[in-house]
């Protein structure tokens, strides 16, 4: 809570300083920000929808059973495979991951999911093969998958 208060306080002070320095530039910045908000609104609503549906369908007990501590390392492998074959924007994946962790998923499992989501591209592999070659694509994706598992284990130790 203290972090939120600090951030909003700094935001308010910066806004006042900006307004005092140049009213026109500050208003122009608000217009640009408003347009950016309208442009990103569909993505934000998608994030809210996906996270809401996921948490509405999956109870904390189900989440804990599927990707919690009792699910073991196979849940981490499964999450890594799902992350590798799923094409979800990071804007959706990060809030979803946070919600899953709060609902009982382990940090290791969710780290594997998010890391492979970003580092491995099963869906985009055909395009990557055409542009960069089969050997490079397979090597990059294979090493990315292994690195994601290692990163997930390290996250489990750190957090």
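Taken together, the values in this text are just the output of simple stated rules run on the coordinates, not laboratory data. Bear in mind the structure is a predicted one, so any value in this text is a computation, not a measurement. Neighbour counts run over all protein chains shown; Cβ positions are idealised from the backbone, glycine included.
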What order, most packed first, do the peptides 118-125, 152-159 have when packing is the mean number of other Cβ atoms within 10 Å of each residue?
118-125, 152-159
What is the distance in Å between the Cα centroid of the stretch 86-159 and that of the stretch 1-77?
21 Å
At 7 Å along the Cα-to-beta-carbon direction for both residue 140 and residue 15, put a label point, then send me their distance in nm to one decimal.
4.2 nm
Under 17 Å from a point 7 Å along the Cα-to-Cβ line of residue 69: which residues of the stretch 105-125 have their amide N that close?
105-111
Against the longest alpha carbon principal axis of the chain, how many degrees, from 0 to 90 and to the nearest 10, is the axis of helix 2-21 turned?
40 degrees
Inter-probe distance in nm under a simple model that places probes 7 Å from Cα toward Cβ, at residue 54 and residue 157:
2.7 nm
Could you run the Debye sum over the Cα atoms of the stretch 1-42, one equal point scatterer each and no solvent, and tell me log10 of I(q)/I(0) at q = 0.22, 0.31 Å⁻¹, two decimals?
-0.80, -0.90
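By average Cβ neighbour count within 10 Å, what is the ranking of 29-35, 142-148 from highest down?
On the way: 29-35: 10.7, 142-148: 16.0.
In decreasing order of mean packing, 29-35, 142-148 become 142-148, 29-35.
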Distance in nm between residue 82 and residue 36 label points, each 7 Å along Cα→Cβ, equals 3.3 nm
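Quick one: if the Förster radius is 35 Å, what FRET efficiency do residue 127 and residue 44 give, using the C-beta to C-beta distance and rounding to 0.05? Can you show the working numbers first?
On the way: r = 27 Å, r/R0 = 0.78.
Efficiency computed from Cβ-Cβ geometry: 0.80.
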When the chain is modelled as a GNM with alpha-carbon springs shorter than 10 Å, which of 140, 130, 102 fluctuates the most?
130
According to the Kirkwood expression over distinct Cα-Cα pairs, how big is the hydrodynamic radius of the chain, in Å?
18.4 Å
